[in-house]
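Taking it in order: structure first as structure tokens, then the write-up.
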Amino acid sequence: MTLDQVIDTLSYEDLAALKNMIESGHGNDAIAVLEDFGWDGSEDNQDAVVKVLRRV
């Protein structure tokens, strides 16, 4: 799935948890979680982090 598709399937709580991971310096863990939810990795990791932060 694309990143937008994965983000659309996540709850607000999931997105907030990802945001907390990113803000606490665990961005790589947040990327791994997105991949676990089905993200195909088709976008740059930094772009993925920015998209998550914008959605919360």
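Among the residues of segment 44-53, is there at least one that is β-branched (Val, Ile, Thr), assigned to a helix (DSSP H, G or I) and in contact with a Lys or Arg (Cβ under 8 Å, 6 or more places away or on another chain)? Yes; the residues of segment 44-53 include at least one that is β-branched (Val, Ile, Thr), assigned to a helix (DSSP H, G or I) and in contact with a Lys or Arg (Cβ under 8 Å, 6 or more places away or on another chain). Looking only at segment 18-28, residues that are over 11 Å from Val49 (Cβ atoms) and part of a helix (DSSP H, G or I) come to 1 in all. Of the residues in segment 24-39, how many are over 11 Å from the mean Cα position of the chain (by Cα) and modelled with pLDDT under 95? Number of matching residues: 0. Scanning segment 6-22 for residues being more than 12 Å from Val56 (Cα to Cα) and without any contact (Cβ under 8 Å) to a residue 24 or more places away in the chain gives a total of 1.
Do the conditions hold for Ser11, that is, is it loosely packed, with under 11 Cβ neighbours inside 10 Å and more than 16 Å from Arg55 (Cα to Cα)? No, not satisfied.
The values are calculated or read from the model by the stated rules, or taken from the named source; none is laboratory data. Here the structure is a predicted model, which is why all the values come from computation and not from measurement. FYI the Cβ positions are ideal-geometry reconstructions off the backbone, even for glycines, and counts take in every protein chain you see.
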